[in-house]
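The values are calculated or read from the model by the stated rules, or taken from the named source; none is laboratory data. What you see is a predicted model; the values in this text were computed from it and never measured. Glycine also receives a Cβ, built like all others from the backbone with ideal geometry; neighbour counts cover every protein chain displayed. Side chains included, ligands, DNA and RNA excluded: accessible areas come from the protein's heavy atoms. Shrake-Rupley method; radii C 1.70, N 1.55, O 1.52, S 1.80 Å.
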Amino acid sequence: MATSKFKVVLVYPDLLGTYGDSGNAEILVRRATLRGVDAELRVVHSQERLDDSGDVYVLGGGEDGPQQAAVDALRRDGVLKEVHQQGRQILAICAGFQIIGESFATSDVDNVPGLGLIPVVTRRGRQRRCVGELLCEASSELGIALLSGYENHGGQTEILDGNPLGRVIRGVGNRYEDTQDGYLSDNVIASYAHGPLLARNPALADRLLERVHGLELESLRRRDIGIEAENLRRERIKEVQGNKGSVRTLMRRLTQPNSRTV
Amino acid sequence: MISRKVSGFTRFLAGPLATIVGRASRASGRGSGEAVAGLILNRLDPGGIERISRDKSIVLVSATNGKTTTTAMCVSVLSKVAPVFTNASGNNMTPGVALALENSNKSKIGVLEVDEAHLGEVARRTGAQWLVLMNLSRDQLDRISEVKSLALRWKKLIDQNPEISVIANVSDPHIHFATMNCNKVVRVALGNQWKLDSTVCPVCDSALEFGKNEFYRCIDCDFRMPTAKYSFESEVLYRDKSAIGTVHVGLPGHFNACNGALAAILGIEWGLSPEDALLSVSKVRTVAGRYDTIEHKGLSLTTLMAKNPAGWQALIDMLASDERDIVIGINARVADGRDTSWLYDVDFGRFSTRRVICFGDRRWDIGLRLSYANVDHEVVESFERALSHVVGSEAVVVGNYTAFQDARSTLRVSSRPNINGGV
Ligand SMILES: [Zn+2]
């Protein structure tokens, strides 16, 4: 595998990079490099033409204005649609997830056309914004038990056809009406979980690498990265599942300077 | 907030009661007594802010980064004019303001640090005459709105209150946007190091283009960097393009010089001579424990706070030239923001030649982040343990909000500011 090349394209971090999303691209490259793969990170800003030779395209979250600007630029550019048709992998988080769907909503406009790469629509939420830890049972074909992340979105996404990335255990995910998060197909992994997603779920990063190389990867468990990722994951999952609302937590919240109601 | 009618007697009791609770709460070691006292005060005497501020001149300082330091510097400068009252660091929401006013006694000038999301409410209730606005960038996105909607709220406040004067750092496009219709704006060009949150035009969402000398303009509409009355380059302050003095600050980092320049400008606009204003700025040496150097068990520790990507960026620039070990504390409690994703927006790779030791509730988040950035580091369970891993006799301690407070309390030093303004 030492001769194979692997290119990750980080799409428009100037517009779609609100939640540390460049981390997902960085993590993919590092995990490939650690396996001896000659990996490259290509960062493409919104004023440039998108690189059409990537193996994985990473799209992150963004505020309303930048999200609108990003979808306009991607449509003009046309490359993302092309590479998607050719079966190249796309990892899309939050606003990136909404953009590759059929339509989404900003705070001013209801029906902004998306790129139409996947059959999902996003509408404006009428309920409270979905903010907080997100824990999902991953789709069984991934061979991962749990996915951990942090969500922060207003939009409510409905899958018209196809499968979610996971079933929500804690948090909201795509929308209040069901218990699904994200979208999963042969070449799209989409989710509302940032955190970033691949930092908390290294196995998902490896599945993505395996999709590109068609090989099962050597484990990184024994390395620092493996141990730290495992500790982080364990700590996050425990936090979500365990002692919510203990007296100590409550006291800490009440007496903390700056404690504020959201 | 409770807005029902409050009897005169309750109001009469509110101040003393708040003071007692504040002391008790502080003595019990539950952190800042002011936070609790302010809450009580604001509940028992909901009209107190309006009543007490009626015959005071109020200056509000707000930004994502640097508000505590700039507030301390503004206090130092305006103390040349008259006695000044202020609020405690971190106590920068409505209850903290209520408490500062309650304790203001005869001081007629108040310089108050205000949380970005609370600026509108505090400005309206205090009838503030001056705002000092420095920057807006991503911070605590789980609590505070997106950057643009904050800028919009500031703009609305300023548009609806034409009598407010503003010292505005227009190098930040969002600050210019918020003040673009203001007749009483004093525009300042401080330069802008953090551009990730100003990639699109705040007016029309098209791309913003940055050119020479930090100049920016929208590619579609006529939003662009305006001409500034004051500018600041290589530590020299200019008014209408003539040099009026050099900014010397007692605190490290270019960002602190920028904070000092803004505070000096406030003083100059209040009628002080540039010499007097700049001299007062230079006297601020430590602010709420930040930039402080503490001797502890044979170690010389400099304590710094950084809580978001723009703040870290400024700190990394400042630390680039030294070789000390770096102890990093990361928490994600309510006051810090619950979401640690921002750690991936910080260019930690620049610490690749340094030794880093991580502690805090979210030590695995920062540890893993550093691994992916290829930075040599250790992860330990407590701040005390982190100190025992320092090699050599000096280290820099950087924490986000509550991690910084935890570290300071372990060192048994206060992270509360010098309320007198330190002059
Ligand atoms: Zn524009």
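Just wondering, is there one or more residues in the stretch B:224-242 that are touching a strand residue (DSSP E or B) at 6+ places or on another chain (Cβ under 8 Å), assigned by TED's automatic domain parsing to the domain that holds B:E269, within 11 Å of the ligand (Cβ to nearest atom) and open to solvent by less than 30 Å² (accessible area, probe 1.4 Å)? No - not one qualifying residue is present in the stretch B:224-242. Here B:L141 passes the criteria (1) aliphatic (A, V, I, L, M); (2) part of a loop (DSSP other than H, G, I, E, B); (3) within 16 Å of the ligand (Cβ to nearest atom) except the one numbered (3). Of all residues in the stretch B:125-138, those satisfying the criterion of being part of a loop (DSSP other than H, G, I, E, B) and farther than 23 Å from B:W342 by Cα are B:G127, B:A128, B:Q129.
Within the stretch B:52-80, being touching a Pro at 6+ places or on another chain (Cβ under 9 Å) and at pLDDT below 95 holds for one residue alone: B:T68. Within the stretch A:242-258, is there a residue that is modelled with pLDDT of 55 or more and more than 12 Å from chain B (Cβ to nearest Cβ)? Checking the stretch A:242-258: at least one residue is modelled with pLDDT of 55 or more and more than 12 Å from chain B (Cβ to nearest Cβ).
B:I164 - would you say it is open to solvent by less than 10 Å² (accessible area, probe 1.4 Å) and either within 18 Å of the chain's Cα centre (by Cα) or on the phi > 0 side of the Ramachandran plot (or both)? Against the criterion (open to solvent by less than 10 Å² (accessible area, probe 1.4 Å) and either within 18 Å of the chain's Cα centre (by Cα) or on the phi > 0 side of the Ramachandran plot (or both)), B:I164 does not qualify. Being over 20 Å from B:S165 (Cα atoms), away from the ligand (no atom under 16 Å from the Cβ) and assigned to a strand (DSSP E or B) is not true of B:G250.
If you go through the stretch B:103-158 and keep only what is under 17 Å from the mean Cα position of the chain (by Cα), open to solvent by 30 Å² or more (accessible area, probe 1.4 Å) and more than 14 Å from every other protein chain (Cβ to nearest Cβ), you end up with B:W130, B:N135.
Within the stretch A:15-30, is there a residue that is more than 17 Å from the chain's Cα centre (by Cα) and open to solvent by less than 30 Å² (accessible area, probe 1.4 Å)? So far as the stretch A:15-30 goes, no, none of its residues is more than 17 Å from the chain's Cα centre (by Cα) and open to solvent by less than 30 Å² (accessible area, probe 1.4 Å).
State whether the residues of the stretch A:177-192 include one that is within 14 Å of another protein chain (Cβ to nearest Cβ), open to solvent by less than 10 Å² (accessible area, probe 1.4 Å) and under 27 Å from B:Y372 (Cα atoms). Yes: the stretch A:177-192 contains one or more residues that are within 14 Å of another protein chain (Cβ to nearest Cβ), open to solvent by less than 10 Å² (accessible area, probe 1.4 Å) and under 27 Å from B:Y372 (Cα atoms).
Where helices (runs of 4 or more DSSP H) fall entirely within the stretch B:289-395, those with at least 2 residues that are of a type outside the set (A, V, I, L, M), away from every other protein chain (no Cβ under 11 Å) and surrounded by fewer than 23 Cβ atoms within 10 Å (Cβ to Cβ) are at B:309-319, B:383-388.
Counting just the residues of the stretch A:85-140 that are small (G, A, S) and part of a helix (DSSP H, G or I), which one comes out surrounded by the fewest Cβ atoms within 10 Å (Cβ to Cβ)?
Taking the stretch A:85-140 first, the residues small (G, A, S) are A:87, A:92, A:95-96, A:101, A:103, A:105, A:107, A:114, A:116, A:125, A:132, A:138-140.
Those left that are additionally part of a helix (DSSP H, G or I): A:95-96, A:140.
Values: A:A95: 30, A:G96: 28, A:S140: 10.
The residue in question is A:S140.
Identify all residues within the stretch A:207-225 that are more than 14 Å from chain B (Cβ to nearest Cβ) and either in contact with a helix residue (DSSP H, G or I) (Cβ under 8 Å, 6 or more places away or on another chain) or open to solvent by less than 10 Å² (accessible area, probe 1.4 Å) (or both); write none if there are none. Answer for the stretch A:207-225, where residues must be more than 14 Å from chain B (Cβ to nearest Cβ) and either in contact with a helix residue (DSSP H, G or I) (Cβ under 8 Å, 6 or more places away or on another chain) or open to solvent by less than 10 Å² (accessible area, probe 1.4 Å) (or both): A:R207, A:L208, A:L209, A:E216, A:L217, A:S219. Tell me yes or no: at least one residue of the stretch A:50-62 is within 26 Å of B:S371 (Cα to Cα), open to solvent by less than 10 Å² (accessible area, probe 1.4 Å) and facing chain B (nearest Cβ under 10 Å). Checked the stretch A:50-62: at least one residue is within 26 Å of B:S371 (Cα to Cα), open to solvent by less than 10 Å² (accessible area, probe 1.4 Å) and facing chain B (nearest Cβ under 10 Å). Residues in the stretch A:76-94 that are in contact with a strand residue (DSSP E or B) (Cβ under 8 Å, 6 or more places away or on another chain) and either within 21 Å of A:D110 (Cα to Cα) or of a type in the set (A, V, I, L, M, F, W, C) (or both): A:L80, A:V83, A:I90, A:L91, A:A92, A:I93, A:C94.
Filtering the stretch B:321-360 to residues that are without any contact (Cβ under 8 Å) to a residue 40 or more places away in the chain and of a type in the set (D, E) leaves B:E323, B:D347. Residues in the stretch A:141-154 that are part of a loop (DSSP other than H, G, I, E, B) and within 13 Å of chain B (Cβ to nearest Cβ): A:G154 only.
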